[in-house]
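A short write-up of the structure that comes next.
The values are calculated or read from the model by the stated rules, or taken from the named source; none is laboratory data. Fair warning: this is a prediction, and the values are worked out from it, not measured in the lab. Backbone-built Cβ (ideal geometry, glycine too); neighbour counts: all protein chains shown. For the accessible areas, the whole protein counts, side chains as well, though only heavy atoms, and no ligand, DNA or RNA atoms are used. Shrake-Rupley method; radii C 1.70, N 1.55, O 1.52, S 1.80 Å.
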Amino acid sequence: MTRTILRSAMAAAIGIVVAFGLIWLAQYAGSEIAPAEYDPATGEILIPIGSTIALIVGWFIATFAGSWLAMRISGGTGAGWVVAGAVIGAALYTAIDFADTWWMMVLGVTVPLAAVWLAQRAASIIAE
């Protein structure tokens, strides 16, 4: 019992590190493709659509990879859903902190949920 809990906790931690690393890479790539611009008239930072698309794709890829890895390490599905919860929490925190639009918050929840669901299906197919 203790080994299973410890294994799941370690798997979730590894999955979260992998997911956040991949999100960081997606944000970096997005800022290199379409850098943000500062508008001196309004004082706003204008983020181009290319950076936003890279972030959304990054959420999906990172959640899928981190969750799949966590599920494979732990031998169950719970650790993968913990990784998805961490990504959703970070996405919502960032969206609220930067006062993003409502659709960005909706995507911050639905994209990781879709990714973890697909990762669960992929992990179960490999396990069989």
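Results for (1) surrounded by fewer than 15 Cβ atoms within 10 Å (Cβ to Cβ); (2) within 14 Å of the chain's Cα centre (by Cα); (3) in contact (Cβ under 8 Å) with a residue 12 or more places away in the chain, shown as yes or no for each residue.
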{"position": "Glu32", "(1), (2), (3)": "yes, no, no"}
{"position": "Pro35", "(1), (2), (3)": "yes, no, yes"}
{"position": "Ile53", "(1), (2), (3)": "yes, yes, yes"}
{"position": "Ile56", "(1), (2), (3)": "no, yes, yes"}
{"position": "Phe60", "(1), (2), (3)": "no, yes, yes"}
{"position": "Ala65", "(1), (2), (3)": "no, yes, yes"}
{"position": "Trp68", "(1), (2), (3)": "no, yes, yes"}
### Summary
The number of residues in region 73-113 that are out of contact with any Gly (no Cβ under 9 Å at 6 or more places or on another chain) and within 20 Å of Ile14 (Cα to Cα) is 8
### Query
With respect to the numbered conditions (1) touching a residue at least 24 places away in the same chain (Cβ under 8 Å); (2) open to solvent by 30 Å² or more (accessible area, probe 1.4 Å); (3) within 18 Å of the chain's Cα centre (by Cα), which one is the sole condition not fulfilled by Gly75?
(3)
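A quick yes/no check of all residues on (1) within 13 Å of the chain's Cα centre (by Cα); (2) surrounded by 12 or more Cβ atoms within 10 Å (Cβ to Cβ); (3) at negative phi:
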site: Ala9; (1), (2), (3): no, yes, yes
site: Val17; (1), (2), (3): yes, yes, yes
site: Phe20; (1), (2), (3): yes, yes, yes
site: Trp24; (1), (2), (3): yes, yes, yes
site: Gln27; (1), (2), (3): yes, yes, yes
site: Asp39; (1), (2), (3): no, no, yes
site: Ile47; (1), (2), (3): no, yes, yes
### Message
For region 79-108, which positions are surrounded by 15 or more Cβ atoms within 10 Å (Cβ to Cβ), among the small types (Gly, Ala, Ser) and over 11 Å from the mean Cα position of the chain (by Cα)?
### Response
Ala79, Gly80, Ala95
